[in-house]
Amino acid sequence: MSKQPHVVVVGAGAFGGWTALLLLRRGARVTLLDAWGPGNSRSSSGGETRVIRATYGPRAVYTRMAARALALWKEHEHRWGRKLYHAIGVLWLVEGKGDYERAALPILRDAGVAFDELTAGDVAGRYPQINTDNVRWAIFERDAGFLTARRACAAVLEAFLAAGGEYRQLGAQPGAVTGGDGLPGVTLSDGTTLRADQYVFACGPWLGTLFRDLLGKVILSTRQEVFFFGTPPGDGRFQEGALPVWADHGPRFMYGIPGNEWRGFKVADDTRGVPFDPTSGERIVSPEQLAAIREYLAYRFPGLAGAPLVESRVCQYEDSVDEHFIIDRHPRAANVWLVGGGSGHGFKHGPAVGELVARLVLEGGDPDPSFRLSRFAR
């Protein structure tokens, strides 16, 4: 591009916010749009915390991307002087055969990720507050942990604005894609039209709605419930520092984060829920899911049996049908990039995805085959 390109980025969450910031640093003029604001309660990047880890079974592309993202999170936390990354480690509890975790080990080594293989006895010795029944072995990722999600989205926006970016809190609807001319512009919720050289749509669960003909059956938005339980007064066994983030890969994939900033002991089931409308869906947890989580909590963390529920949240995942990211050009509009399919594991990758998308938009090239839209046409 011989002139300074103007790029419109739709969505100020983990993918869109970082893409906008890194496009700006590479010399583009960038307008960032979001209907309700970065990390808002409807978004997939909302909430207080997100896990950052590198264990991805045989999917090496995500391990490498997570390692790069962690380096960028550390760099920017230092640059901005803001606490965003909590390096308390991630403990993978392996039940059953553990093929997923076994496949990850050589990939973790190749990526330079620091980790320990632990026996069930090692886990019981380190963390007596965990009931290790049915745990066969474990992986402890030393440099993993969690990120403060909403705070990180706000920090990225502040850096974007400080570097000269333009942010507008408006909804956006793409114009008709007619072929050779690409996307002519986006219609904003205030009735105006915004035109640019390039467009990046990183709008989470709304991606399948805005491009229904292309992605309506590819992006799945599902209802997910998160619970926070109160710990006994003065009992530090279930706080950050005494426990790592944990992931329990048993009959169901359960995970949790010990009390970030005294919010309570976070527990969630990673199993995909029922379809959910992120715009108008009611965000009230179900008594059935609460009962199932309580049963699990009493089993795996007996010291929290009967613990009071102090907070809860309904969010959504927005997965692609094969759970791989989507990072690709629109097949009928060369000036449009589609970036999504990130939940529930995309947040951690935000800076690495932004770095990749900024390069692709400004320099051209092709994304990893795992991310291309052509895989859905097979």
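State all residues of segment 294-331 that are among the aliphatic types (A, V, I, L, M), within 30 Å of V357 (Cβ to Cβ) and surrounded by 15 or more Cβ atoms within 10 Å (Cβ to Cβ); if no residue qualifies, say none.
Filtering segment 294-331 down to residues among the aliphatic types (A, V, I, L, M) leaves 297-298, 304-305, 307, 309-310, 314, 321, 326-327.
So of that shortlist, the ones also within 30 Å of V357 (Cβ to Cβ) come out as 314, 321, 326-327.
V314, I326, I327, listed by residue number.
Search segment 99-116 for residues being open to solvent by 10 Å² or more (accessible area, probe 1.4 Å) and small (G, A, S), and hand back the single one that is nearest to G57 (Cα to Cα).
Ranking the candidates gives A103 first.
Scan the strands (runs of 3 or more DSSP E) fully inside segment 181-262 and keep the ones with 3 or more residues being of a type outside the set (D, E, K, R) and within 25 Å of L309 (Cβ to Cβ). Before the answer, list the steps.
Values: elements: 186-188, 198-201, 219-229, 245-249, 253-257.
Where strands (runs of 3 or more DSSP E) fall fully within segment 181-262 and carry at least 3 residues being of a type outside the set (D, E, K, R) and within 25 Å of L309 (Cβ to Cβ), they are 219-229, 245-249, 253-257.
All but one of (1) buried (at least 22 other Cβ atoms within 10 Å of the Cβ); (2) at pLDDT below 95 hold for G175; which doesn't?
Among (1) buried (at least 22 other Cβ atoms within 10 Å of the Cβ); (2) at pLDDT below 95, the lone unmet condition for G175 is (1).
Quick one: would you say G256 is surrounded by fewer than 16 Cβ atoms within 10 Å (Cβ to Cβ) and either within 27 Å of E282 (Cα to Cα) or aliphatic (A, V, I, L, M) (or both)? Outline the logic, then answer.
Values: surrounded by fewer than 16 Cβ atoms within 10 Å (Cβ to Cβ): no; either within 27 Å of E282 (Cα to Cα) or aliphatic (A, V, I, L, M) (or both): yes.
In short, no.
Identify, please: which residue in segment 43-69 is open to solvent by 30 Å² or more (accessible area, probe 1.4 Å) and assigned to a helix (DSSP H, G or I) and is, among those, farthest from W137 (Cα to Cα)?
R68
Being aliphatic (A, V, I, L, M), open to solvent by 40 Å² or more (accessible area, probe 1.4 Å) and outside any loop (DSSP other than H, G, I, E, B) narrows it down to one residue among A358, A291, A352; which is it? Full working, then the answer.
Values: A358 fails: open to solvent by 40 Å² or more (accessible area, probe 1.4 Å); A352 fails: open to solvent by 40 Å² or more (accessible area, probe 1.4 Å).
Unique residue meeting the criteria: A291.
For segment 73-84, indicate whether the set of residues that are closer than 24 Å to D368 by Cβ, open to solvent by 20 Å² or more (accessible area, probe 1.4 Å) and modelled with pLDDT of 95 or more is non-empty.
Step one: of segment 73-84, the residues closer than 24 Å to D368 by Cβ are 73-76.
Filter again for open to solvent by 20 Å² or more (accessible area, probe 1.4 Å), leaving 74-75.
Filter once more, so that each one left must be modelled with pLDDT of 95 or more: 74-75.
Yes, some residue in segment 73-84 is closer than 24 Å to D368 by Cβ, open to solvent by 20 Å² or more (accessible area, probe 1.4 Å) and modelled with pLDDT of 95 or more.
Give me the residue from segment 31-42 that is out of contact with any Pro (no Cβ under 7 Å at 6 or more places or on another chain) and over 25 Å from Q198 (Cα atoms) and, out of that set, surrounded by the fewest Cβ atoms within 10 Å (Cβ to Cβ).
Looking only at segment 31-42, we keep the residues that are out of contact with any Pro (no Cβ under 7 Å at 6 or more places or on another chain), and these are 31-41.
Checking which are over 25 Å from Q198 (Cα atoms) leaves us with 40-41.
Numbers: N40: 16, S41: 13.
Here the residue is S41.
S374 - would you say it is of a type in the set (S, T, N, Q), open to solvent by 20 Å² or more (accessible area, probe 1.4 Å), over 27 Å from H76 (Cβ atoms) and out of contact with any Gly (no Cβ under 8 Å at 6 or more places or on another chain)? Walk me through it before giving the result.
Working: of a type in the set (S, T, N, Q): yes; open to solvent by 20 Å² or more (accessible area, probe 1.4 Å): yes; over 27 Å from H76 (Cβ atoms): yes; out of contact with any Gly (no Cβ under 8 Å at 6 or more places or on another chain): yes.
Criteria met by S374.
Would you please list the contacts, defined by Cβ atoms under 6 Å and residues six or more apart or on different chains, that run from a residue in segment 301-330 that is of a type in the set (F, W, Y) to a residue that is open to solvent by 30 Å² or more (accessible area, probe 1.4 Å)?
Matching pairs, first to second residue: Y317/G344.
The values are calculated or read from the model by the stated rules, or taken from the named source; none is laboratory data. Just so you know, these numbers come straight off a predicted model, no measurement behind them. Note: ideal-geometry Cβ built from the backbone for every residue, glycine included; neighbour counts use all protein chains shown. Surface accessibility is based on the protein's heavy atoms, side chains included, excluding ligands, DNA and RNA. Shrake-Rupley method; radii C 1.70, N 1.55, O 1.52, S 1.80 Å.
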